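Working notes, beginning with the structure itself.
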There are 2 protein chains.
Amino acid sequence: MSVAAPLRSRKAQIDGTATALFRAQGFAATSMRELALAVGLEAGSLYSHVRSKEEILHRVCFGLAEDFFAAFAAATTDDGQPVAQRLRQAIEAHVRVLTQDVAASTVFLHEWRHLSEPARTEFVTLRDRYEAGFRALVQQGTAAGELHCPDPAFAALTLLASLNWLPTWYRPDGKLTPDEVAHRLAEQLLGGLLFQ
Amino acid sequence: MSVAAPLRSRKAQIDGTATALFRAQGFAATSMRELALAVGLEAGSLYSHVRSKEEILHRVCFGLAEDFFAAFAAATTDDGQPVAQRLRQAIEAHVRVLTQDVAASTVFLHEWRHLSEPARTEFVTLRDRYEAGFRALVQQGTAAGELHCPDPAFAALTLLASLNWLPTWYRPDGKLTPDEVAHRLAEQLLGGLLFQ
DNA sequence: TAGGCTTGCTAACGCTCGTTAGCAAAAAAA
DNA sequence: TTTTTTTGCTAACGAGCGTTAGCAAGCCTA
């Protein structure tokens, strides 16, 4: 039995470090030698654990996509409640995934462009399907008279937009817990800023 | 008098083409040879018009920063009106700058990280100062009882966040004019989605 | 017409990139 | 114990990078 068993496998450690570097500098501006140094290996040694640089990006992007879909499904399957409530839960679920791993979220949101085909197209398709889920909720809510907006598709788009800038400013060590951030965001987006 | 005088100077053409490439692929993933090809020159010839690759990025980032400051100032100097109205105008002004040149906006929002010091720090300082302008508006509006939010700083942050995702989805040839987009966004963010 | 700036070319510089081959030690499996 | 797998190293590959030097042709000014 090894005395100091690694908490994470080397592969997971490489993925995590790469994610942090991709976030800070971008995929293209991060070299395998840089990654190796951060992990404590030589450049060539990385390839004992990882097939290529892009494979890491692929895993991060599609891994997070799964997280988003799972969270959305869990938040919206309860059909008993009003649509607005389910939308609120979907918002909070989205924020929770974002805050859970800010680095991975940033990579998911910005670095997927560096995937080569066909992964890139596959990713965009997933992304569109996820957005369609939000759009459907807003549409149902509007139809049911629970929400008011001139254009549900537009509203859904800008709603997600509001959430997806979060990784650029959110700090895990800030004074608000992830759940508080999620709640306030949902409150502000659904209720608006105007006093009424 | 030359028959086919260029509409833009070569330098402006290079800046514009580079901006489009930086937007589509990122600064680091765009090579000077690629840029030269897109402009119709050889790689070395670019340096007759441009000092370095980073100089282009610098011009784009700081140029747009000026645009944002100018638009914000013009939108908020009229002290006669209520704060909420001035905030609405600031939002619409921000959106107008974003939509005016989506490519440059995207570079401004994402690629500034590739500036080297001291330009990078200088840029971040400008960005912070701009955000502080919005924060002050929201704070004044809340103090005046025109806006209701638990945390003005948080609200200002997420307000700008909502706007800054726009370049990722906005299409100039879409069915909404820039002014309509600006108006709807302001409406939705200030009024919220909930029917009330 | 002469001089100097502007614009663009070709060729090359030193450097870094992602990745691979070949080998050695350690760890796990038999 | 022997064998196999895992992990890591060094060295190097071909390619692409940003940038520069040196030169030629075209243009404006005098």
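The values are calculated or read from the model by the stated rules, or taken from the named source; none is laboratory data. Keep in mind that this is a model prediction, so the values were computed, not measured. All Cβ positions, even for glycine, are placed from backbone atoms using ideal geometry, and neighbour counts span all protein chains on display. Quick note on the areas: whole protein, heavy atoms, side chains included, nothing else; ligands and nucleic acids left out. Shrake-Rupley method; radii C 1.70, N 1.55, O 1.52, S 1.80 Å.
For segment B:56-74, a residue qualifies if it is open to solvent by less than 40 Å² (accessible area, probe 1.4 Å), away from chain A (no Cβ under 14 Å) and either out of contact with any Ser or Thr (no Cβ under 9 Å at 6 or more places or on another chain) or more than 16 Å from DNA strand C (Cβ to nearest atom) (or both), and the qualifying residues are B:V60, B:C61, B:F62, B:G63, B:L64, B:A65, B:F68, B:A71, B:F72.
When B:D78 is tested against (1) over 30 Å from A:S116 (Cβ atoms); (2) more than 16 Å from DNA strand D (Cβ to nearest atom); (3) not in a loop (DSSP other than H, G, I, E, B), only condition (3) is not met. Evaluating A:Q85 against the criteria (1) open to solvent by less than 60 Å² (accessible area, probe 1.4 Å); (2) under 18 Å from A:L189 (Cα atoms) leaves one unmet condition, (1).
A count restricted to segment B:12-41 and to residues that are charged (D, E, K, R) and more than 8 Å from DNA strand D (Cβ to nearest atom) stands at 2. With a requirement of 2 or more residues that are open to solvent by 40 Å² or more (accessible area, probe 1.4 Å), within 23 Å of A:T106 (Cα to Cα) and modelled with pLDDT of 90 or more, the helices (runs of 4 or more DSSP H) lying completely within segment B:107-196 that satisfy it span B:119-143. So for segment A:45-55 (the condition being in contact (Cβ under 8 Å) with a residue 60 or more places away in the chain, out of contact with any Lys or Arg (no Cβ under 6 Å at 6 or more places or on another chain) and not acidic (D, E)), does at least one residue qualify? Checking segment A:45-55: not a single residue is in contact (Cβ under 8 Å) with a residue 60 or more places away in the chain, out of contact with any Lys or Arg (no Cβ under 6 Å at 6 or more places or on another chain) and not acidic (D, E).
Every residue in segment A:22-41 that is surrounded by 16 or more Cβ atoms within 10 Å (Cβ to Cβ), near DNA strand C (Cβ under 10 Å from one of its atoms) and in contact (Cβ under 8 Å) with a residue 12 or more places away in the chain, please. Listed by number, the residues that qualify are A:F27, A:A28, A:T30, A:M32, A:L35.
Quick check on segment A:47-61. Is at least one of its residues of a type in the set (D, E) and assigned to a helix (DSSP H, G or I)? Yes, that holds for at least one residue. Please work out which residue is farthest from B:L166 (Cα to Cα), limiting yourself to segment B:89-106 and to residues that are out of contact with any Lys or Arg (no Cβ under 9 Å at 6 or more places or on another chain), surrounded by 17 or more Cβ atoms within 10 Å (Cβ to Cβ) and of a type in the set (S, T, N, Q). Filtering first and then ranking leaves B:Q89.
Per the listing A:A182, A:A104, A:A144, A:A155, the residue uniquely touching a helix residue (DSSP H, G or I) at 6+ places or on another chain (Cβ under 6 Å), farther than 30 Å from B:R127 by Cβ and not polar (S, T, N, Q) is A:A144. Do we have B:R96 as in contact (Cβ under 8 Å) with a residue 40 or more places away in the chain, in a helix (DSSP H, G or I), farther than 26 Å from B:V124 by Cβ and more than 16 Å from DNA strand C (Cβ to nearest atom) here? No, not satisfied.
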